[in-house]
Ligand SMILES: Cc1cc2nc3c(=O)[nH]c(=O)nc-3n(C[C@H](O)[C@H](O)[C@H](O)COP(=O)(O)OP(=O)(O)OC[C@H]3O[C@@H](n4cnc5c(N)ncnc54)[C@H](O)[C@@H]3O)c2cc1C
Ligand code: SF4
Ligand code: SF4
Ligand code: SF4
C-alpha cells in the first residue's frame with residue numbers, strides 16, 4: 001500500500017485515492033497545506049493497486065517533442081485574458097465544438113483552486129489564466145473516466161504530475177482523450193494562498209468577511225502593464241474598496257513562489273516534467289521570444305507549444321494562430337519550468353515553520369526571502385526582462 005515516508009515522494013495527484021477499490025485512502029493536508037494520502041489500514045486489503053497508479057513510483061523516461069512552436073491566438077481578446085498566447089482556449093473550444101468536455105483549473109466560491117470541468121464556451125472562461133496554487137483534483141480523474149467511457153471527447157489540462165496521475169489511473173489509452181499540460185515551475189501551497197488572500201482582503205478594507213464575499217475577480221497574469229511585467233490584481237466585491245494590484249516582482253505571494261521557497265517538496269525533484277507525463281501537448285510562456293523571434297513579440301503574450309504525439313499534432317490549431325517552428329534549446333532558455341531538479345532553498349524550512357505563528361504573512365514572506373545576492377544569481381531571466389524593458 002501507499003506509504004509516504006518522504007514528503008518528496010508524493011505530488012498530491014489523488015490517483016491512489018481515486019483508484020483504491022476499498023475507498024480506504026483519504027487525502028489530508030499537512031502543516032504546509034499540501035494534501036497527502038492516509039490509508040485506513042483496517043479496511044485495506046493490501047492489493048497494491050494504489051502503488052500501480054502513483055506517478056512518483058512509476059516514472060517514465062523522457063520523450064522528445066515532435067514539434068516546438070512559438071504561437072499566439074489570433075483572437076486578441078482571448079489572448080489578453082490568457083496567461084501566455086492563449087493556445088489553451090483554442091484547443092478547449094475545439095473539444096467543446098465536437099461535443100466534448102474540458103477539464104481545467106478554476107477558483108471555487110471561496111477562491112480556493114480546484115480542477116473542474118465544463119461543457120460550454122461560456123463556462124470555459126474561468127479556466128483561462130494560470131492560478132499559481134496547487135489545484136485540488138478531488139474526484140476529477142473518475143469523472144473524466146466516466147465521460148471517456150461514454151464516448152465523449154475529453155480534454156484534460158493540468159500540471160505534468162496531474163496528467164501523469166490521470167494516465168496511470170485510466171490504465172489504458174483512450175482515442176477520445178487529449179491531454180494538455182502546463183509547463184510547471186512548481187506548486188505553491190494552498191494554505192499560504194489562503195493566508196495571503198486574507199492579508200490582501202484586510203489591505204482592501206474587507207478583512208473579516210467570508211472569502212466568498214471578498215473578491216469579485218482575481219488575476220495572477222493581468223497584462224495591463226505588459227505580458228512580461230504581469231501584475232496580480234485582486235478586485236474587491238464591494239464598491240469603494242481598494243483594488244490591490246502589483247507586478248509579480250512586488251506581489252509577496254509571487255515573490256516567495258519565484259524564489260522557489262513556496263513549492264511542494266515533490267517539485268524539487270519532479271517525476272513528471274520535461275516530456276515524462278505522457279501528455280499530447282505542453283504549453284508554456286515563451287519568455288525567450290525577444291531573442292528567438294523578436295518580430296513576433298508585442299508583449300501581449302506568447303506561448304511555447306510543445307507537441308509530443310500525432311494526436312497533439314492533429315489537434316493543434318494552426319489556422320487560428322500565428323505559429324512559427326523554433327528550436328527546443330532556444331525556446332526553453334530563461335524558463336525555470338523546464339528544470340527537473342531544483343535546489344531546496346535554505347530559507348524554506350524556516351518559512352513554513354513560521355506560517356502559523358506569524359501575525360503578518362506578508363512581513364513573514366519578506367523576512368524569508370533570500371538575500372539580494374542570492375536572488376540576483378537565481379533570477380537571470382528577470383535581469384534580462386529589465387534590460388528588455390530598458391531597450392523599448
Ligand atoms: C503552477 C503553474 C506553474 C507554471 N510554471 C510555468 C513555468 O515555470 N514556465 C512556463 O513557461 N509556464 C509555466 N506555467 C504555464 C503558464 O503559466 C500558462 O499556464 C501556459 O503557458 C498556458 O497559457 P495559455 O495562454 O495557453 O492559456 P491560459 O488560458 O492561460 O491557460 C490556463 C491553463 O492553465 C491551467 N491551469 C491554471 N492554473 C492551474 C493550476 N494551478 N494547476 C494546473 N493547471 C492550471 C488551466 O487549466 C488551463 O489549462 C505554469 C502554470 C502553472 C499553473
Ligand atoms: S493496497 Fe489496495 S486496498 Fe490498500 S490502500 Fe492500496 S489500493 Fe486501497
Ligand atoms: S503522488 Fe498521487 S498516487 Fe502517488 S501517493 Fe501521492 S497522491 Fe497518491
Ligand atoms: S513541479 Fe512537478 S511535482 Fe511539482 S506540481 Fe509541477 S509537475 Fe507536479
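Every number in this text was worked out from the coordinates using simple rules, so none of it is lab data. Just so it is clear, the model here is predicted, and its values are computed rather than measured. In this analysis, Cβ positions are derived from the backbone assuming ideal geometry, glycine residues included, and neighbour counts consider all displayed protein chains.
Which shape class applies to the stretch 7-52: rounded if a/c is under 1.5, otherwise prolate when a/b exceeds b/c and oblate if not, where a ≥ b ≥ c are the square roots of the Cα gyration tensor eigenvalues?
Numbers: a/c = 2.29, a/b = 1.68, b/c = 1.36.
The shape class here is prolate.
Just want to confirm a number: the relative contact order over the chain, from Cα pairs under 8 angstrom separated by 6+ residues, in percent. Working shown, then result.
Values: 746 pairs, mean separation 81.8, N = 392.
Relative contact order here is 21 percent.
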Worksheet, complete the sentence: Ordering 178-184, 216-222 by per-residue average of other C-beta atoms within 10 angstrom, highest first, gives 178-184, 216-222
Response to the item:
Quick calc, residue 212 & residue 349: beta-carbon distance into FRET formula, R0 35 Å, rounding 0.05, result 0.55
Practice prompt. May I ask you to order 105-113, 281-289, 299-307 by the average number of other C-beta atoms within 10 Å around their residues, highest value first?
Written response: 281-289, 299-307, 105-113
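Please work out whether the chain counts as rounded, prolate or oblate from its C-alpha gyration tensor, where a ≥ b ≥ c are the square roots of the eigenvalues and a/c under 1.5 means rounded, while otherwise a/b larger than b/c means prolate and anything else oblate?
It is rounded, given that a/c, with a ≥ b ≥ c, falls under 1.5.
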Worksheet, complete the sentence: Among the stretch 153-171, those whose backbone N falls under 20 Å of a label point 7 Å along Cα→Cβ from residue 62 are 159-165
Worksheet, complete the sentence: Taking alpha-carbon centroids only, the stretch 211-235 lies from the stretch 190-205 a number of Å equal to 14
Item to complete: Treat each spin label as a single point 7 Å out from the Cα along the C-beta direction, and report the residue 241 to residue 26 distance in nm.
Response: 3.3
Worksheet, complete the sentence: Taking R0 as 51 Å and r as the Cβ-Cβ distance between residue 198 and residue 5, the FRET efficiency 1/(1 + (r/R0)^6), rounded to the nearest 0.05, comes to 0.95
